Amino acid sequence: MVYNHTGEGNEMGPTLSFKGIDNTEYYRLADDKRYYFDYTGTGNTLNARLPNVLKLIMDSLRYWVEEMHVDGFRFDLAAALARELHDVNRLSAFFSIIYQDPVLSDVKLIAEPWDVGEGGYQIGQFPPGWAEWNGKYRDCMRNYWRGADSVLAEFAERFTGSSDLYKNGNRNPTASINFITAHDGYDLTDLVSYEQRHNEANGENNQDGHADNLSWNCGAEGPTDDKSILALRQRQKRNFLTTLLLSQGVPMVLGGDEMGHSKKGNNNTYCQDNELSLLDWKNADRQLIEFTSRLIHFRKKHPVFSRKNWFIGRPFRKKGLTDIAWFRPDGSEMEEEDWQAGFAKSLAIFLFGGGLNTVDQENRPLMDDSFYIIFNADANAIDYKLPAEKFGRQWSKIWDTADPDACTGEKGQTYSAEGMVRAEGRSVLILVSSRS
């Protein structure tokens, strides 16, 4: 929902609706009323402090809930709606009126938690009841899978729900809307195929859209016939999707990513009503669609990947295991200095299925299998020693992004505690130890 601006631009025009109805009662204007405050990058900003603007927004939202039966909303540049005089205020009239509304207070509310004005980057600052697009998750995961240095510590924070952003605000992991790509910027295929934007078709001399996309083209810019590069790009797409669907929080998949859609390197296609934006179902990547489908079913089957509470990191009485643990390739748990190793691009995560610390619909303790996941963003294969027997006597491989045929969620090759398993370069390997 785009309530932060209209298509009427700045003082240079055009005049289409609100400017002609009552300019001063709809827009944020400078002291010289000829000019507009632009917190949105479009030339104007609607003034959500004013009663008539708030009524317009609320009437529109209620219509979509009561008449169209939508489940919730994602608010474009939501920080602009929460500005009072100039600063973003979590106690603003916009938030207050939604909380007080008997219809809207019960629907899903998702913020794009920034605008382009000063102090507009408000990620983690929205009030309870709101979820947020987690741009820090997007940037971290892009950096990790392109092989950036010194990313492990933040990777762990983002993978586990970004408690640094949301826990102190009395929210749970579902406050984090995790995503790799969105309608703005590259799609997934272009993220692994281009390092430079290619927006020539937009008619702005390739100056529009973000210049730094934290992308990696896997060795060639754009289309290529090199089979090794094409195979690596497919693996990277599987890595991104697997990471996204296994992370704590709410995963958001851009429509078209699951079928290999490409915008040919254009990262600002809002003005392209053509094949750059339209999905080509005839030539869809059926293997990637099947992979994504299996991945979604795998996540839904195992509640350990969608916790409602934060990890606590303390041993549970049964087996004395923590709900989560982190491991080095030698099978020992990670120490403080390991998180600071700039060269390290690989780590393993143990998720204890008996440590969910919640109950099911029949008020019984919710249990799941335990998982050992190896993330390897290094170009080289790494041999991992599995952890001690207390974490699991036997492990079965159920997912390996290095081999799409091994991504089934079904048990394959088995390994004993403290045995060795190889994680291929740039891959995600998932092992399961069934609950006893």
So for region 392-400 (the condition being out of contact with any His (no Cβ under 9 Å at 6 or more places or on another chain), surrounded by fewer than 16 Cβ atoms within 10 Å (Cβ to Cβ), in contact (Cβ under 8 Å) with a residue 60 or more places away in the chain and not assigned by TED's automatic domain parsing to the domain that holds L246), does at least one residue qualify?
no
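Hey, among the residues in region 168-202 that are of a type in the set (D, E, K, R) and over 14 Å from the mean Cα position of the chain (by Cα), which one's surrounded by the fewest Cβ atoms within 10 Å (Cβ to Cβ)? Before you say what the answer is, go through the steps one by one.
At the first step, the residues of region 168-202 found to be of a type in the set (D, E, K, R) are 171, 184, 187, 190, 195, 197, 200.
After this cut, where a residue has to be over 14 Å from the mean Cα position of the chain (by Cα) as well, the list is 171, 190, 195, 197, 200.
Numbers: R171: 22, D190: 24, E195: 17, R197: 23, E200: 12.
Applying the filter and picking the extreme gives E200.
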Residue hits (region 235-260; surrounded by fewer than 23 Cβ atoms within 10 Å (Cβ to Cβ), touching a helix residue (DSSP H, G or I) at 6+ places or on another chain (Cβ under 9 Å) and part of a loop (DSSP other than H, G, I, E, B)) are V253, L254, G256, G260
Residue hits (region 371-384; under 24 Å from the mean Cα position of the chain (by Cα) and not aliphatic (A, V, I, L, M)) are F371, Y372, F375, N376, D378
So, first residue assigned to a loop (DSSP other than H, G, I, E, B) in region 9-32, second residue of a type in the set (S, T, Y), Cβ within less than 6 Å, six or more apart or across chains; the pairs are N10/Y36; E11/Y35; R28/T45
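Could you look through region 67-96, keep only residues that are in a helix (DSSP H, G or I) and free of Cβ contacts under 8 Å to residues at least 40 places away in the same chain, and pick out the one that is surrounded by the most Cβ atoms within 10 Å (Cβ to Cβ)? Before the answer, list the steps.
First, pick out the residues of region 67-96 that are in a helix (DSSP H, G or I): 78-81, 93-96.
Checking the rest, the ones that are also free of Cβ contacts under 8 Å to residues at least 40 places away in the same chain come to 95-96.
Numbers: F95: 19, S96: 12.
The residue in question is F95.
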Selection from region 406-424 of residues surrounded by fewer than 17 Cβ atoms within 10 Å (Cβ to Cβ), without any contact (Cβ under 8 Å) to a residue 60 or more places away in the chain and in a loop (DSSP other than H, G, I, E, B) yields E410, K411, G412, Q413, G419
- [ ] Would you be able to say whether some residue in region 282-305 is surrounded by 15 or more Cβ atoms within 10 Å (Cβ to Cβ), modelled with pLDDT of 95 or more, of a type in the set (A, V, I, L, M, F, W, C) and over 21 Å from the mean Cα position of the chain (by Cα)?
- [x] yes
- Consider A182 carefully, then state whether it is closer than 28 Å to D403 by Cα, in the same structural domain as N268 (by TED's automatic domain parsing) and touching a strand residue (DSSP E or B) at 6+ places or on another chain (Cβ under 8 Å). yes
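Quick grid of which residues meet (1) in contact (Cβ under 8 Å) with a residue 60 or more places away in the chain; (2) among the β-branched types (V, I, T):
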residue: V65; (1), (2): no, yes
residue: V103; (1), (2): no, yes
residue: N143; (1), (2): yes, no
residue: V151; (1), (2): yes, yes
Filtering region 414-436 for residues that are at pLDDT below 95 and among the charged types (D, E, K, R) leaves a count of 1
Turns out the helices (runs of 4 or more DSSP H) fully within region 119-183 with at least 1 residues that are more than 30 Å from Q234 (Cα to Cα) are 163-166
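From A423, A388, A402, which residue is hydrophobic (A, V, I, L, M, F, W, C) and more than 25 Å from K301 (Cα to Cα)? Even if it seems obvious, please write down each step before you answer.
Values: A423 fails: more than 25 Å from K301 (Cα to Cα); A402 fails: more than 25 Å from K301 (Cα to Cα).
Being hydrophobic (A, V, I, L, M, F, W, C) and more than 25 Å from K301 (Cα to Cα) holds for just one of A423, A388, A402, which is A388.
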Y121 fails exactly one of (1) under 21 Å from T45 (Cα atoms); (2) surrounded by 20 or more Cβ atoms within 10 Å (Cβ to Cβ); (3) of a type in the set (F, W, Y), namely (2)
When S176 is run through (1) within 19 Å of R426 (Cβ to Cβ); (2) touching a strand residue (DSSP E or B) at 6+ places or on another chain (Cβ under 8 Å), the failure sits at (1)
Here the residues within region 184-226 that are under 26 Å from L77 (Cβ atoms), out of contact with any helix residue (DSSP H, G or I) (no Cβ under 8 Å at 6 or more places or on another chain) and not in a loop (DSSP other than H, G, I, E, B) are D190, A201
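The values are calculated or read from the model by the stated rules, or taken from the named source; none is laboratory data. This is a predicted model, so every value here is computed, not measured. With ideal geometry, Cβ positions are generated from the backbone for all residues, glycine too; neighbour counts draw on all protein chains shown.
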